[in-house]
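The values are calculated or read from the model by the stated rules, or taken from the named source; none is laboratory data. This structure is a prediction, so every number in the text was calculated from the model and none was measured. As a convention, Cβ positions derive from the backbone with ideal geometry for all residues, glycine included, and neighbour counts pool all protein chains shown. What goes into the accessible areas is simple: the full protein's heavy atoms, side chains included, and nothing from ligands, DNA or RNA. Shrake-Rupley method; radii C 1.70, N 1.55, O 1.52, S 1.80 Å.
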Amino acid sequence: MEQLLSGFIILAQWEVLIALLIGSVGGVIIGAIPGVGAPVAIAILLPATFSFEPIVGLTLLLGIYGSSMYGGSIPAILINTPGTAVNALTTYDGYPMTKRGQGHRALSLAYSASFFGGIFSILCLIILSPVLAWIAPHFGSREIFLAALMGIILVVLAHRGQVLAAGMLACFGVFLSTVGLEPVKYTKRFTFDQTWLGSGIDLIVVVLGLFAISQALLLLIDKEHAPKSTHVEGNLFSGLKELFGIKRVATAASSLGVLMGMIPGVGEFTAQFLSYTYAQKSSKDPDKFGNGSPEGLVASEAANNAVPGAAMIPLLALGVPGEALTAMMLSVFYVHNVIPGPQLFDTKLDFVFALYMALLLLNIFVMIFLLFSTNWLLKIIQIPTRFLGVMIIILSFVGVYSLRNSMTDCMLAAGFGVFGLILKRLNLPVVPIILGMVLGGIMETKFRTAMARVKNPLDFIDRPIAAILFVMILVILVAHVRTVMQEHQMNKQNHDDPDDHVGPETSTQQG
């Protein structure tokens, strides 16, 4: 109880509340603008947060992270254009409702489901805190190494159909983390006698290049457009009442969001897919899904907004980020010498509680803001995309230069921006590179620490948690290989059986 009160005192500072308010409102605005999204905003703001107190910087970023998906539902529902990538599924049922003249109802349901999912995940996080505080000290160097390794594997395997490319990009990220002075004996690695590589390649430079500058270049290259939207009329509070009629779907979707958020590398897309599938299969009217089903809309929005709170669990308990945005937040922790992991719950439990309460408050701030400002936000959606691209590039280079007053960093960021643009044009993921950089550094440090106590390979997994993690990694890999072999076998059977594709009469005609 004393730690909870201390956390409330930390959060009650005016700087923290202002940062949370700015982040919450700013995240909604950023999310509502198609083509920008939370990764770009966080990447641009990241250098500025290093000069703030850790709780101030983190609440600002948490506000953007937790609120952007609220805003992303607005263009997804009204103009069939998701504001953020994770709102793509919202278009399936949100836009058909708008075409039927139920835009206000769709928005109200989306806001209510998002609020329910966000609050549900934070309550789960608070309830799990005693468990985390008990389990976290049992994680030593080898357990954290295995957890980080499992995170990379899950991130790679999550990119179905692109596993090889995602694996190569993750390895490239791990390689980038090794450039510069190594952390134990301070010998130079991969610097090629270039002094500017001696301090390594900064994570923020890579983040700004791959996310912000690449997206700006994409906006500048693509055809300019300014989406049109219509005025929304109706009571946006009505969705809260309607949500209680489909609370089963909302609860199941939020639970799946929490579960998927806790697993590194899985995230919103898997949570949405599973919750949407569950809602459709358990619905009395499954045919309405994709044609304006309120249940489908609730399943999508509740699931994706339940993930951010749950994604903080592996970050705070183990210091292992589950996706790109929490990886960016990890850098804020490190800059201020606040190291997430087992010791955080022992030494700074009040700080952890302050973060939990900040997550609760941001959902309340966002809900109040949206209920009274939706029509104002519709004007922001109409900002020309090329103007956005120019502004993002300017802010990105200002952020990069402010890190170390280095033009070399600016050139590196520009290079990674072009590289990110190429990856996006090829529909290849950029997230594995960032997680490779972050988790690669964690893995190296923990592996070298653990090896001091390991005499043979079996010693590495001679403790219960390490053994469980090792078995989980093996099961994940075996299950994936089995799935790939089954898919290959089915494709081979379909290829070898021409009757499945061409009938006898068609074959004769072709002959």
(request) For segment 376-397, indicate whether the set of residues that are among the hydrophobic types (A, V, I, L, M, F, W, C), in a helix (DSSP H, G or I) and more than 30 Å from Ile18 (Cα to Cα) is non-empty. (result) no
(request) Please find, within segment 324-350, the residue that is modelled with the highest pLDDT out of those that are open to solvent by 20 Å² or more (accessible area, probe 1.4 Å) and either assigned to a helix (DSSP H, G or I) or among the acidic types (Asp, Glu) (or both). (result) Asp350
(message) Quick check on my filter: what residues within segment 407-426 are farther than 16 Å from Leu217 by Cβ and surrounded by fewer than 17 Cβ atoms within 10 Å (Cβ to Cβ)?
(response) Met407, Thr408
(request) Return the pairs, sorted by first residue and then second, in which the second residue is open to solvent by 40 Å² or more (accessible area, probe 1.4 Å) and acidic (Asp, Glu), the first residue lies in segment 337-354 and is touching a residue at least 12 places away in the same chain (Cβ under 8 Å), the beta carbons are less than 9 Å apart, and the residues are 6+ apart or on different chains. (result) Asp350/Glu2
(message) I need the full set of residues from segment 357-405 which are of a type in the set (Ser, Thr, Tyr) and crowded, with 18+ Cβ neighbours inside 10 Å, in order please.
(response) Thr374, Thr385, Ser396
(message) Quick check on this structure: which one of Ala466, Ala452 is farther than 30 Å from Val205 by Cα and surrounded by 19 or more Cβ atoms within 10 Å (Cβ to Cβ)?
(response) Ala466
(request) Scan segment 193-220 residue by residue and report those that are open to solvent by 50 Å² or more (accessible area, probe 1.4 Å) and at pLDDT below 80. (result) Asp193, Gln194, Thr195, Trp196, Ser199
(message) I'm told Pro321 meets every condition in (1) in a helix (DSSP H, G or I); (2) closer than 22 Å to Glu53 by Cα; (3) open to solvent by less than 10 Å² (accessible area, probe 1.4 Å); (4) in contact (Cβ under 8 Å) with a residue 40 or more places away in the chain except one. Can you identify the failing condition by its number?
(response) (1)
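Conditions tested, residue by residue: (1) open to solvent by 20 Å² or more (accessible area, probe 1.4 Å); (2) more than 16 Å from the chain's Cα centre (by Cα); (3) in contact (Cβ under 8 Å) with a residue 60 or more places away in the chain; (4) closer than 22 Å to Gly420 by Cα.
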{"position": "Ile74", "(1), (2), (3), (4)": "no, yes, yes, no"}
{"position": "Thr90", "(1), (2), (3), (4)": "no, yes, yes, no"}
{"position": "Gly103", "(1), (2), (3), (4)": "no, yes, yes, no"}
{"position": "Cys124", "(1), (2), (3), (4)": "yes, yes, yes, no"}
{"position": "Ile135", "(1), (2), (3), (4)": "yes, yes, yes, no"}
{"position": "Phe145", "(1), (2), (3), (4)": "yes, yes, yes, no"}
{"position": "Val156", "(1), (2), (3), (4)": "no, no, yes, yes"}
(message) Please go through segment 165-178 and give me each residue that is among the β-branched types (Val, Ile, Thr) and either more than 30 Å from the chain's Cα centre (by Cα) or surrounded by fewer than 18 Cβ atoms within 10 Å (Cβ to Cβ) (or both), ordered by number.
(response) Thr178
(message) Quick check on segment 221-242: of everything there that is assigned to a loop (DSSP other than H, G, I, E, B), open to solvent by 90 Å² or more (accessible area, probe 1.4 Å) and among the charged types (D, E, K, R), which residue is modelled with the highest pLDDT?
(response) Lys223
